[in-house]
Amino acid sequence: MSVVRREWGPLLAAVRTGLADRGWRAVAMTLGAVTLTALFQLVQNQPWGYQPVQDIGSVRAQDPLWQALLRTPLSLFVPALDLPVWGALAQILLVFGIAEICLGRRLTLLVAYAATLAGTMYARLGIALGPDSALGLPASDARVVDTGPSAAVVGLAVVVCWRHRAWLTGSLVVVAMVVEVLVKNNLAGKEHLAAIAAVLVACAVGEALSVSRRGRSAAGAGRGPEPRRSGPGSGA
């Protein structure tokens, strides 16, 4: 039980406090994201809606870069057609909701976008490297649609675990994504790993900068105020 409290105690306390203080407003962005994802799913399954959704929110490595960058923000909310939409909605509600409470809306959106963009850019790099490289991808993956919400969900989960020192949970997320690639070596799995790598680098850099700032502040406080100099006009 102590292990559970140590692992999840700070995280659960932050979630409880956020919900108690603000109620549903604490996850207003998350509710909007769930609604938008459900709407995209509904529209893209209509005979008239598939192509418009593809045009505004589906990203492939074969697309021109400028077009992919324009579509990437909305691609976070376009669920995969070959997977149950309820899984995507549940992931967004849970992970985005916890992240919105613990990280704030702006940082949640920034991490979600960065993780998704990391997967998008990796796909282009992997195809350029080719299937003979350890990090490469076959040329056929250029026609595969990017991961949608899942890369953002994975990236947010890792950042939240890092922020609240839930090391075991964060490690399990990473291990699960590695196993996914080993079992089913496809574009989506490798994009998840690219998203994890990107957010881990960002977390490490942020931590290093924070430690450096604290060190400078402590050094400044330890020196104390500058001694007053005597001289003409000083009153000495």
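Being crowded, with 16+ Cβ neighbours inside 10 Å and either among the aromatic types (Phe, Trp, Tyr) or modelled with pLDDT of 95 or more (or both) narrows it down to one of Val95, Val59, Val78, so name that one. Steps first, please.
On the way: Val59 fails: either among the aromatic types (Phe, Trp, Tyr) or modelled with pLDDT of 95 or more (or both); Val78 fails: either among the aromatic types (Phe, Trp, Tyr) or modelled with pLDDT of 95 or more (or both).
Going through Val95, Val59, Val78 in turn, the sole match is Val95.
Do you know which residues across the range 131-160 are part of a helix (DSSP H, G or I) and free of Cβ contacts under 8 Å to residues at least 40 places away in the same chain? Break it down stepwise before answering.
Initially, the range 131-160 is screened for residues part of a helix (DSSP H, G or I), giving 139-143, 149-160.
Residues satisfying the conditions are Ala139, Ser140.
Just for helices (runs of 4 or more DSSP H) wholly inside the range 53-130: which have at least 2 residues that are closer than 12 Å to Ser150 by Cα and in contact (Cβ under 8 Å) with a residue 40 or more places away in the chain? Give the steps one after another, and end with the answer.
Details: elements: 65-75, 85-91, 97-103, 105-129.
Passing ranges, in order: 85-91, 105-129.
The values are calculated or read from the model by the stated rules, or taken from the named source; none is laboratory data. A quick note: this is a predicted structure, and the numbers were derived from the prediction, not measured. Every residue, glycine as well, gets a Cβ built from its backbone with ideal geometry; the counts of neighbours run over all protein chains shown.
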